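Everything on this sheet refers to the single structure shown next.
The values are calculated or read from the model by the stated rules, or taken from the named source; none is laboratory data. This one's a predicted model, so the numbers in the text were calculated from it and none came from an experiment. Glycine gets a Cβ as well: all are built from the backbone with ideal geometry, and neighbour counts include every protein chain shown. Side chains included, ligands, DNA and RNA excluded: accessible areas come from the protein's heavy atoms. Shrake-Rupley method; radii C 1.70, N 1.55, O 1.52, S 1.80 Å.
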Amino acid sequence: MQAPEEIRHEYAEARAATIARFRAHPDPDALTRALTAATDRALRALWRRHAPGPHASLVAVGGYGRREQFPHSDVDLMVLTAGTLDPAMATRIEAFIGACWDCGLPIGHSVRSIDECVAEALADVTVQTSLLELRWLAGSRRRCAEALARLRAILDPAAFFSAKLVEMRQRHAKYDDTPYSLEPNTKESPGGLRDLQVLVWIARAAGLGRRWRDLAARELITDREAAQLRRNERRLKRIRAALHIVANRHEDRLVYDLQAQVARSLGVAGDDARRASEELMQRYYWAAKAVVQLNTIVLQNLRTAIFPQSDTQGEPIDALFRNVHGLLGAIDPGCFERDPSSILRAFRTMQAHPELGGIATPTLRALWNARTRIDAAFRRDPAHRALFLQVLQAPRGITHELRRMNQWSILGHYLPPFRRIVGRMQHDLFHVYTVDQHILMVVRNLRRFAMPEHAHEYPLCSELMADFARPWLLYVAALFHDIAKGRGGDHSTLGRIDARRFCRDHALSDEDTALVEFLVLQHLTMSSVAQKQDSSDPAVVARFAALAGTERRLVALYLLTVADIRGTSPKVWNAWKGKLLQDLFFATRQALHGNAPSTHTRVEAVQRDAAHVLSLYGIDEAHYARFWQQLDVPYFLRHGAQDIAWHVRALYSHVDTPTPIVRSRLSPVGEGFEVVVYLPDQPDLFARICGYFDSRRLSVLEARIHTTRHGYALDTFVLVDPDVTARGSEALHELQEELARRLAERVPLAPPVEGRSSRRSRHFPIEPSVELQADERGQRFLLSIVANDRTGLLYRIARVLAHHRINVHTARITTLGERVEDVFLIDGEALARPRESRQLQGELLATLRV
């Protein structure tokens, strides 16, 4: 009988040798078989030393039960007993479990009688699934065989199918219903290994087979599909195994930290870590996409086998298709090969018949196999071009069918440039979808603007879309706006060329072609102007109006911009960004109508509106006239009537106070809160205020810095913090008192809080940039900063500016996921001296790189 040290040593050696072989030749099946065999040997040797008795049985369950032991997977065990444990048996089982851990076996164990197994399996489909893969290891074979027989007797294939389907849908929802997450779980995400395991479990429960070849023998899948399932299963297993080895722990998520290392371990080529990571992920996404396709086909066929239906002919829809139990079926699946135009007609038929919930398996299979018939000749055919436009022009089902076309590789064959970005990652720190999924998300967002049931989400967008002629042109622009990502060069310029070719091939008018080209080329411009420039500045509005040219172009660009930002990540959009875009839109539309007011007229209008708001609060002009006299023209140009009225109400009785006044309110645009600071101006004030916000971990969205005629600072900040917003007036009052006290004390600038970058920022860093450009009059400068986001970044920048005696007039703080793009309007004597200006920029760059 082997000694425990010998068992431990043999297991560790066998495991290390198996992993070394995988590193040299990454065969996942050989790896999992060898690890399973090594684990089996160790467990049997330990069982012989600590066997609890002749009536107990040691069995493997779960992944270990099906002989798929990954390098750091748990070893799932069950000890089957005859009934209630006596103390002696319990002691020996405890000794066995302890010996397993001592030998380095990461076991997950349970001790059950057969009756208990059956009861738990009846109550929980997860237990039932785990026991499906029960495998004898040691002890009583009779006990194991009896357990298997009892479990098979209680299996209800129909109930099991339904339960696993619900479980799969819940799991998919947990992972955002997409295989294209930028950090996918190789096991649990849609298109992961679990989706393949579900198919095998259902087949086993129904007695239809245990392997892909068994399903092929029963004609539930074709031999070709069985080969595809096996190939993609091996690819996913290879990636998961490499992930365990590289991470040196049980890690199934392809997180940013590990992607490049996994790529290198599998020999994936790339010029640098980023390229290798992108190549690995694109391979993963192609495999996951294939698994989702095959999962759909096999599940339908399993459903048909488990729930046989008498009427398989269905009701005819037209000469090509019929409704087969709510699914689109081709009357003759060979139609796609004979007449490839039927491929596009299938998706048009899905749009025209909302009662159809999907496409039947034989038709899906035929569509998939016929996809290569979409070649250059197919794409040149005017009838096919007309059919594709009809898909985009349909009153319903556009997003669903474009996604279905992408899922089954039809869209990429019809639009070859689109095929190049399927599964392509975006390491720009704010997109959370692959390029193809982002594009389809933008189309979805545009479609929602046209649907009455979504009008409450973005009322202005819905109103504009309702009056926009030929809205399908926006969908064309959405398809092409990022289609050139990853080619090198400016993707907007390259995408414009692809869009122009599409428009000409599909016989769009010159006017419509020009609109699509304009949108693709300028799709980033409106966001940039709104977030980095001052839309209250007539010169900014005039330049943007000249770029837009017409109101139709302006409306189209606004709609595409909102849809695009919303389609990058749920975290990127916020109400403040929405307000900035709306302000620019309305100001530009007014300018295009020839009604751009003069500075004098604008000031008069905003003063009149602010006075009206104040009158509603019972405050007449006599009370605030002296305060108002201290406010100059730039103040009234840069603030709206509601903001001015708030400032007046908060400050008119404190015109000459020596004490800092701090007031706050929840943001009227529906997100975050605003803080106004009023006190005699002092050096380093902007840095001091930012330092306080930094110490409270508050995120600044915008700062408007103003000095009154009598030398008082009147600074307004827009901030976000979930805790402050949730606590409401209590938190705001606490913030007001604390900040006012800090400003009154005028303590030296504190060191910044140690900033932390996210994992994504650390592994896909962007090169920080600092640009300094004089305005047209040469009096002030625009400071533009791009960097990875991290805690305390704004305060670090403010400290550098304070050190060089730079005055900040406005600050636009734009956070795009993990990336910041900040713009400051500044002045100071140092900016006029080239040497000091270069030194300032160098210190800022050094700060951004820390």
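Values as computed for the structure displayed
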item: Enumeration of residues in the stretch 403-419 that are touching a residue at least 60 places away in the same chain (Cβ under 8 Å) and within 12 Å of Ile439 (Cβ to Cβ); result: Leu415, Pro417, Phe418
item: Residues of the stretch 535-574 satisfying the condition of being of a type outside the set (Gly, Ala, Ser) and open to solvent by 50 Å² or more (accessible area, probe 1.4 Å); result: Asp537, Pro538, Arg543, Leu547, Thr550, Glu551, Arg552, Arg553, Arg566, Pro570, Lys571
item: Qualifying residues in the stretch 682-704 (those that are among the polar types (S, T, N, Q) and more than 19 Å from Glu671 (Cα to Cα)) - the one surrounded by the fewest Cβ atoms within 10 Å (Cβ to Cβ); result: Gln682
item: Residue that is open to solvent by less than 20 Å² (accessible area, probe 1.4 Å) and modelled with pLDDT of 85 or more, where the choices are Leu772, Leu793, Leu749, Leu782; result: Leu793
item: Verdict on Gln300 being at pLDDT below 95, part of a helix (DSSP H, G or I) and touching a Phe, Trp or Tyr at 6+ places or on another chain (Cβ under 7 Å); result: no
item: Selection within the stretch 663-687 - aliphatic (A, V, I, L, M) and not in a helix (DSSP H, G or I); result: Leu666, Val669, Val675, Val676, Val677, Leu679
item: Residues satisfying the stated conditions in the stretch 632-653, i.e. open to solvent by 30 Å² or more (accessible area, probe 1.4 Å) and either more than 17 Å from Val675 (Cβ to Cβ) or at pLDDT below 90 (or both); result: Asp632, Val633, Pro634, Leu637, Arg638, Gly640, Tyr652, Ser653
item: Cβ-Cβ under 9 Å pairs, at least 6 apart or on other chains, the stretch 783-794 side free of Cβ contacts under 8 Å to residues at least 40 places away in the same chain and closer than 19 Å to Thr810 by Cα, far side of a type in the set (D, E, K, R) and open to solvent by 10 Å² or more (accessible area, probe 1.4 Å); result: Val786/Glu767; Val786/Glu771; Val786/Arg819; Val786/Glu821
item: Residues satisfying the stated conditions in the stretch 809-833, i.e. of a type in the set (Phe, Trp, Tyr) and over 23 Å from Leu685 (Cβ atoms); result: none
item: Subset of the stretch 507-520 (residues that are of a type outside the set (S, T, N, Q) and open to solvent by less than 50 Å² (accessible area, probe 1.4 Å)); result: Leu508, Asp512, Ala514, Leu515, Val516, Glu517, Phe518, Leu519, Val520
item: Matching residues, the stretch 172-203, being of a type in the set (D, E, K, R) and at pLDDT 95 or above; result: Lys187, Glu188, Arg194, Asp195
item: Any hit, the stretch 809-817, residues being open to solvent by 50 Å² or more (accessible area, probe 1.4 Å), more than 25 Å from the chain's Cα centre (by Cα) and not basic (Lys, Arg); result: no
item: Residue satisfying all of: in the stretch 521-534; within 23 Å of the chain's Cα centre (by Cα) and under 18 Å from Phe781 (Cα atoms); surrounded by the most Cβ atoms within 10 Å (Cβ to Cβ) among these; result: Gln531
item: Elements of type helices (runs of 4 or more DSSP H) contained in the stretch 519-638, each with 3 or more residues being within 28 Å of Asp721 (Cβ to Cβ); result: 525-532, 551-566, 575-592
item: Positions within the stretch 383-399 being in contact (Cβ under 8 Å) with a residue 60 or more places away in the chain and either open to solvent by 60 Å² or more (accessible area, probe 1.4 Å) or under 25 Å from Gly358 (Cβ atoms) (or both), in sequence order; result: Phe388, Leu389, Leu392, Gln393, Ile398
item: Considering residues of the stretch 322-340 that are of a type in the set (A, V, I, L, M) and surrounded by fewer than 20 Cβ atoms within 10 Å (Cβ to Cβ) only, the residue nearest to the chain's Cα centre (by Cα); result: Leu327
item: Scope the stretch 345-367; condition crowded, with 21+ Cβ neighbours inside 10 Å and among the hydrophobic types (A, V, I, L, M, F, W, C); matching residues; result: Ala346, Phe347, Met350, Ile359, Ala360, Leu364, Ala366, Leu367
item: Of all residues in the stretch 798-850 being of a type in the set (Gly, Ala, Ser) and more than 14 Å from Phe781 (Cα to Cα), the one that is modelled with the lowest pLDDT; result: Gly817
item: Any hit, the stretch 492-506, residues being at pLDDT 95 or above, open to solvent by 30 Å² or more (accessible area, probe 1.4 Å), not in a helix (DSSP H, G or I) and not aliphatic (A, V, I, L, M); result: no
item: Selection count, the stretch 554-578, where residues are at pLDDT 85 or above and of a type outside the set (Gly, Ala, Ser); result: 11
item: Single match in Leu446, Leu464, Leu402, Leu411 (criterion: modelled with pLDDT of 95 or more, open to solvent by 10 Å² or more (accessible area, probe 1.4 Å) and either within 30 Å of Val255 (Cα to Cα) or hydrophobic (A, V, I, L, M, F, W, C) (or both)); result: Leu464
item: Selected residue (only one of Ala290, Ala226 is closer than 22 Å to Glu68 by Cβ, free of Cβ contacts under 8 Å to residues at least 60 places away in the same chain and not polar (S, T, N, Q)); result: Ala226
item: Candidate set from the stretch 69-102 (those that are of a type in the set (D, E, K, R) and farther than 30 Å from Ile245 by Cβ); member that is surrounded by the fewest Cβ atoms within 10 Å (Cβ to Cβ); result: Asp86
item: Checking Ala605 against (1) within 15 Å of Val540 (Cα to Cα); (2) in contact with a Pro (Cβ under 9 Å, 6 or more places away or on another chain), the condition it does not meet; result: (1)
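Residues checked against (1) closer than 29 Å to Gln197 by Cα; (2) open to solvent by 10 Å² or more (accessible area, probe 1.4 Å); (3) modelled with pLDDT of 95 or more; (4) out of contact with any Ser or Thr (no Cβ under 8 Å at 6 or more places or on another chain):
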position	(1), (2), (3), (4)
Val291	yes, no, yes, yes
Pro308	yes, yes, no, yes
Thr312	yes, yes, no, yes
Glu315	no, yes, no, yes
Ile343	no, no, yes, yes
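Matching residues to (1) touching a residue at least 12 places away in the same chain (Cβ under 8 Å); (2) in contact with a strand residue (DSSP E or B) (Cβ under 8 Å, 6 or more places away or on another chain); (3) under 30 Å from Arg238 (Cα atoms); (4) among the charged types (D, E, K, R):
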| site | (1), (2), (3), (4) |
| --- | --- |
| Gln2 | yes, no, no, no |
| Thr18 | yes, no, yes, no |
| Ala42 | yes, no, yes, no |
| Val59 | yes, yes, yes, no |
| Glu94 | no, no, no, yes |
| Cys100 | yes, yes, yes, no |
